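Before any comments, here is the structure.
The values are calculated or read from the model by the stated rules, or taken from the named source; none is laboratory data. Quick caveat, the model's predicted, so the values are computed rather than measured. A quick note on method: Cβ atoms are made from the backbone with ideal geometry, for glycine too, and the neighbour counts reach across all protein chains shown.
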Amino acid sequence: MADVITPRAEDYAQWYVDVVRRAKLADYSPVRGSMIIRPNGFAVWERLRDELDRMLKDTGHENAYFPLFIPQSFLAREAKHVEGFAKECAVVTHSRLKMSDDGQNLIVDPDAVLEENLVVRPTSETIIWDTYSKWIQSWRDLPILINQWANVVRWEMRTRLFLRTMEFLWQEGHTAHATREEAMTETRLILDIYAHLAEEYMAMPVVKGIKTESERFAGAEETFCIEALMQDGKALQAGTSHFLGQNFARAFNCQFQNQNNELEYVWASSWGVSTRLIGGLILTHSDDQGLVLPPKLAPTQVVIVPIPKKGLESTILEAADRLARTLKDAGIRVKLDASEAQRPGWKFSEYEVQGVPIRLAIGARDVENGTIEMARRDTFEKTSVPQAGLAAVIRDTLDAIQKNLFDRALAYRANLTTRVDSLDEFTQVLESKGGFLLAHWDGTAETEARIKEQTKATIRCIPLDQEPEPGIDMLSGKPSKGRVLFAKAY
RNA sequence: CGGGGCGUGGCGCAGCCCGGUAGCGCAUCUGGUUUGGGACCAGAGGGUCGCAGGUUCGAAUCCUGCCGCCCCGACCA
């Protein structure tokens, strides 16, 4: 199989933006740091959303919607939560504009100041737990398994298309449970669902793990995450699932009477994935020709390009149309581009740039031979296949592409995952090839901070699926229970 | 907020040093020939040169102030 084509590291940021813009996924908006998601980009989001939504519903979750504006006082209720989000909030203070006295400028009407500031949600825990406190009285009211698809705003200093924008789309789940165990089981279930979404649909291998205290979600007792490795050797946090303990229940006085007739605080989880996943998808699979989409998430899986020939236009088009219908009937997302606005060569390039997994080209030669030319986006391999039985070949090829993308991303990650035992080695590997570094850590925030300061690498997570391995912290020399995953992160 | 860079048709840029009334590529439109990997020929439309002052007979170009954007750092799904 072809190697992943990795752009030179110093051009990586530019390459990324080029892929996004050329594939018509998104543009920056006139507002600094926020993004216009174009139809091509939104279609990918819809695919991700639909698959995740289905998995959530299959596991008993329901969708609901909570308001965009949160009273400022709500945010103040959970101490760690405020601390974490205070520095990145958009705040609404007035309800009206008016023309200035000289009639020249539109200004904020000083008379329209709000009694209480409203914060544009950076996340919805507070408003949701305020609501849950009204919904929950008895153990019979539990569990509550609610998800919402929404937008949130975080006033970030530096932004990048999809990976970090001021406003982003996501889903946020907020569950309420009668016991610690049940809330923890939910937290872990969601982590597994996220890992499944990443690996089976996005073809993006992830490491499941636990965040250290300093990387933990503001207000959580434990944060679980999936971490992926991008082609430039940097890590991307692709999703998080938080065990909130009783922190938010206490902050919002949400109690229930249990089966022993005792009053108890509700146990909670919250979890989310965002449009950042699209950034992850791009940074995992795309190459110098543009976007590469895994078949399961490609809005268009197969594009058919007719090659016109004088006098045979309608014959060729009829054959193309018939094959398109066959594929559609077989449940394949197919697009026939019979537009006369562009020439075939132009279309070939365009669909490559847009990441369509399979391209079929049919011309006079194929009509005569009963064949069609099939080209794979992942390997650029071209083959001539019989029109008879096409659907089965396409289905197999889509599966093969999906598998190949995952396999090569996994191989890539394996190459860029290094076990290191000294700080020298750590620094040297980090600078020469980057990637994931598995190293021992004494478990203290001090050591973690010092390593970050010295190397820019952070602990991405303490991986869940690994054998305990006693060792010695490379910086402090203190004992360590096992290796943790370091990397430079997005 | 600190360090660097840049603002010129829709996009990407040249022109600025050395002042003379705006040009290139792509895109767009029209007509024609084409069509198995981003066609070719001919023609056309489109710009208060970021904003405001100043110097000058004359400013995209020189001077002053302001605004905006991008990259690097602190923040971060």
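General remarks:
- Hey, A:Ala489 surrounded by fewer than 20 Cβ atoms within 10 Å (Cβ to Cβ), within 14 Å of A:Gly233 (Cα to Cα), within 16 Å of RNA strand B (Cβ to nearest atom) and in contact (Cβ under 8 Å) with a residue 40 or more places away in the chain or not: yes
- Evaluation of A:Lys24 against (1) within 11 Å of RNA strand B (Cβ to nearest atom); (2) in contact with a Lys or Arg (Cβ under 8 Å, 6 or more places away or on another chain); (3) modelled with pLDDT under 90 (one fails), failing number: (3)
- Verdict on A:Ala220 being within 11 Å of RNA strand B (Cβ to nearest atom), buried (at least 23 other Cβ atoms within 10 Å of the Cβ) and closer than 25 Å to A:Leu197 by Cβ: yes
- Whichever residue in segment A:276-314 is more than 17 Å from A:Pro344 (Cα to Cα) and of a type in the set (Val, Ile, Thr) and, among such residues, is nearest to the chain's Cα centre (by Cα): A:Ile278
- Counting only residues that are near RNA strand B (Cβ under 9 Å from one of its atoms) and part of a loop (DSSP other than H, G, I, E, B), segment A:323-353 holds 4 of them.
- Given (1) near RNA strand B (Cβ under 9 Å from one of its atoms); (2) farther than 30 Å from A:Arg21 by Cα; (3) of a type outside the set (Asp, Glu); (4) in a strand (DSSP E or B), number of the condition A:Ile316 does not satisfy: (4)
- One residue from A:Arg47, A:Arg32 being more than 27 Å from A:Ile127 (Cα to Cα) and assigned to a helix (DSSP H, G or I): A:Arg47
- Restricting segment A:87-129 to residues that are of a type in the set (Asp, Glu) and under 30 Å from A:His177 (Cβ atoms), the residue that is farthest from RNA strand B (Cβ to nearest atom): A:Glu125
- Looking only at segment A:444-454, and only at residues there that are surrounded by fewer than 17 Cβ atoms within 10 Å (Cβ to Cβ) and touching a helix residue (DSSP H, G or I) at 6+ places or on another chain (Cβ under 8 Å), the one that is nearest to A:Thr427 (Cα to Cα): A:Gln454
- Looking only at residues of segment A:28-47 that are within 13 Å of RNA strand B (Cβ to nearest atom) and touching a residue at least 24 places away in the same chain (Cβ under 8 Å), we find that the one that is nearest to the chain's Cα centre (by Cα) is A:Trp45.
- Residue pairs meeting the criteria (Cβ under 6 Å; at least 6 apart or on separate chains; first within 17 Å of A:Pro39 (Cβ to Cβ) and away from RNA strand B (no atom under 14 Å from the Cβ), in segment A:283-307; second assigned to a strand (DSSP E or B) and not β-branched (Val, Ile, Thr)): A:Thr300/A:Lys335
- Complete set of residues in segment A:377-429 that are in a helix (DSSP H, G or I), out of contact with any Leu (no Cβ under 8 Å at 6 or more places or on another chain) and of a type in the set (Ser, Thr, Tyr): A:Thr397, A:Thr427
- Of everything in segment A:354-368 that is outside any strand (DSSP E or B) and near RNA strand B (Cβ under 8 Å from one of its atoms), the residue that is farthest from A:Arg22 (Cα to Cα) is A:Glu368.
- Verdict on A:Ala198 being crowded, with 22+ Cβ neighbours inside 10 Å, small (Gly, Ala, Ser) and under 20 Å from A:Leu281 (Cβ atoms): yes
- From the list A:Trp267, A:Trp271, the lone residue that is in contact with a Gly (Cβ under 9 Å, 6 or more places away or on another chain), over 21 Å from A:Met55 (Cβ atoms) and not acidic (Asp, Glu) is A:Trp267.
- Test: residue in segment A:266-276 that is under 21 Å from A:Met35 (Cβ atoms), in contact (Cβ under 8 Å) with a residue 40 or more places away in the chain and basic (Lys, Arg): yes
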